[in-house]
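Okay, structure first, notes after.
The values are calculated or read from the model by the stated rules, or taken from the named source; none is laboratory data. Owing to the predicted nature of the structure, the values given are computational and were not obtained by experimental measurement. When we count neighbours, we look across all protein chains shown, and the Cβ atoms used for this are built from the backbone with ideal geometry, even at glycine. SASA here: full protein model, heavy atoms, side chains in, ligands and nucleic acids out. Shrake-Rupley method; radii C 1.70, N 1.55, O 1.52, S 1.80 Å.
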Amino acid sequence: QVIIYRPKTSSSFPDSVEKLSMEWELSLDYTNTSPSSTSFQIVTATQVAFILNQIFGSRGPGSLYNFLKQRKWVAPKQVPRVVIPLDVSGSQLLKLEIVLSAAGFLNRSAVIAAVYAIVERLRGDDGRFWIGRERMAQFCSIATLHGYILAPRPPDAIELAIDGQIYPIDGPLTSTTSSWHLFPSDQNTLSNLQKALSTILSQKISDPSQATVIVTASPRAIRDSQKQKSFINDFVPPLISPKWENDPLTGARYCYDSMTRLTAKLQTWVLDKLAAKDESLLPSTAGFNPFVPTVIRPPRQLTADSPSRPYYNGNTKPIPITKNWRLYSRHALPRGYGLTTLPRTPPLSPQCAITIQLLSYRPSNADAEQATLGEMWRNCFESTTVTDLVEAGAPAGLAYEWSFNQYGSRLCFLGGTSQNIVPYVKRFCKRLVRCHLAWRLASSNGGGNNGGGTGSLLQKGKDKSLDGITNARNISLRQKLVASRVIRSATIRDIVGEADAFWNACYGGVVFYQGDLMSDEMENFINDLQGLFQEVMLLEEDEKNFLMPNIREISYRPVWKPRGASPCTIAGVPLISDACGRVPR
């Protein structure tokens, strides 16, 4: 356990952050690579590191990142990650990296205790560390989904050459049935991974004496530790102290620091602080992500004689599901009409997309102030109400986009598989409706400003709206000043009033779908969708008032959330995805 001095000019990191790393040595044997009748029986460091990334690198409530973020102990947007600096047969090195803020450096022992507290949550009632089969199957599905099924490109010669050193390049698995060897594909290999991970957690990761802890310290961090005393850690000695030693090989300066001496006492304190409202998103023995399938369904063939074949086959007119809702299939649109262009994936991919265009007169008739309040409505909702839903959907390949246009508002959803997109869209729309009803009630009971406990929600919406106005490039300075004035003076009653005006001006909706989705399930989906929105939409029964939007004008490119729908930002994916740099160059 050492602190390494980091001169100001020796790193790309600013002097306001430091890096904490915890390293564990493994001894997994890769020499037994002869294929069995159906699968390989080896367990690799890549598999172990990917699972550990799901444990330490999640972002939802109850996660390590959320715990550190609330206390401002971690640098902004720096999620803990597990990497593999060394990976050869018989010797591997796992490293957990956490980028600390200045406050996190002063409380580095508490950060380490939080790591062990997260590990302790994996201990079962019988005293052993164990991750359930369903949760392990979900982790394997995440890896298979982003590393193989939705891979934007096949592995190149360099990646194949690296894999050839671990996996055989010929044998029964290369004959008729293709197999992806980076993660288990059957129950036997899944059980082997469970047992190996249980052994590593109990013998290595849960034991503080087995970890090599290294933290960097800039001159600023050393000065701050001497001025601001921490109730957990001692101050770092000044550079002139004899406690600092020089490494004879690299010349780096370091000093020893006992950062795990209070781990046993701190774990109890940290475990109490880790209580969250939604523990189901925590990757523990009891955690289960409802959007990640334990078994990924193969893509379904959409044939002309199928009872669930796509609509239209050349007929570009939408099919009226009800008087106020229309359904479009991607197969019905002429060339060039692409509402949601699916990312590049292998042939017969299960990926799919759903676009919901809510038709309303309000956006086209709104002035600058009303349009700004509409954007604040969207920002308040995205900043508070669906953050846990979005983070839970990201590992499953789910993303969304919500924007306003001249025809109303467009909701786009991208799904990793057809198994999870419909439940995800339903939950999103249900929260949109229920959230508006709750805000309306809070604004009426608590007054026009911050009543009903909506003060924090309003402030987050204002901060996000001001950031969007500041960074906007397509509006003039005068428009920015007007929008900023409206944002700063807005109340929750103003936002609810604008949302009410939008819903009251709605006269229907149009749904577009593409990918691995069937027409009969989309009919049922629209019926459920209409039931969700009927609580806020005052629809007219006269079908003559239904105005179909111009498809080209609502076919603009979506800006996916979270993080542009990039799989490279999901915990562990860079270890198994070729497009995210699985093999260093």
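The residues in the range 162-177 that are open to solvent by 60 Å² or more (accessible area, probe 1.4 Å), at pLDDT 55 or above and in a helix (DSSP H, G or I) can be counted, and the count is 1. Is it fair to say residue 296 is assigned to a loop (DSSP other than H, G, I, E, B) and either at pLDDT 85 or above or among the acidic types (Asp, Glu) (or both)? Yes. Of all the criteria given as (1) modelled with pLDDT of 90 or more; (2) open to solvent by less than 10 Å² (accessible area, probe 1.4 Å); (3) farther than 22 Å from residue 290 by Cα, the one not satisfied by residue 404 is (2).
Selection of the range 137-161 for residues being of a type in the set (A, V, I, L, M, F, W, C), more than 19 Å from residue 566 (Cβ to Cβ) and at pLDDT 90 or above yields 137, 139, 140. Taken across the range 355-373, residues that are part of a helix (DSSP H, G or I), at pLDDT 90 or above, open to solvent by less than 30 Å² (accessible area, probe 1.4 Å) and more than 26 Å from residue 59 (Cβ to Cβ) do occur, with at least one present. When 231, 235 are screened for being modelled with pLDDT under 85, surrounded by fewer than 19 Cβ atoms within 10 Å (Cβ to Cβ) and touching a helix residue (DSSP H, G or I) at 6+ places or on another chain (Cβ under 6 Å), only 235 passes. If you check 253, 261 for being out of contact with any Cys (no Cβ under 6 Å at 6 or more places or on another chain) and modelled with pLDDT of 80 or more, only one passes: 253.
Of all the numbered requirements in (1) over 18 Å from residue 515 (Cα atoms); (2) out of contact with any Leu (no Cβ under 7 Å at 6 or more places or on another chain); (3) modelled with pLDDT of 90 or more, residue 381 misses one, and that requirement is (2).
Taken together, 99, 79 contain a single residue that is of a type in the set (Val, Ile, Thr), open to solvent by 10 Å² or more (accessible area, probe 1.4 Å) and under 30 Å from residue 294 (Cβ atoms), which is 79. Cβ separations smaller than 7 Å between residues 6+ apart or across chains give the following pairs from the range 356-385 residues that are within 21 Å of residue 507 (Cα to Cα) to residues that are of a type in the set (Lys, Arg): 357/410.
For the range 452-509, which positions are open to solvent by less than 80 Å² (accessible area, probe 1.4 Å), of a type in the set (S, T, N, Q) and not in a helix (DSSP H, G or I)? Listed by number, the residues that qualify are 454, 476, 491. The helices (runs of 4 or more DSSP H) found wholly in the range 55-140 and carrying at least 3 residues that are within 27 Å of residue 44 (Cβ to Cβ) and in contact (Cβ under 8 Å) with a residue 40 or more places away in the chain occupy 108-120.
Hey, any hits in the range 536-551 for a residue that's at pLDDT 85 or above and open to solvent by 40 Å² or more (accessible area, probe 1.4 Å)? No, there is no match, as no residue in the range 536-551 is at pLDDT 85 or above and open to solvent by 40 Å² or more (accessible area, probe 1.4 Å).
Criterion applied to 101, 109, 91 was being within 25 Å of residue 189 (Cα to Cα), out of contact with any Gly (no Cβ under 6 Å at 6 or more places or on another chain) and among the polar types (S, T, N, Q), and the one residue passing it is 91.
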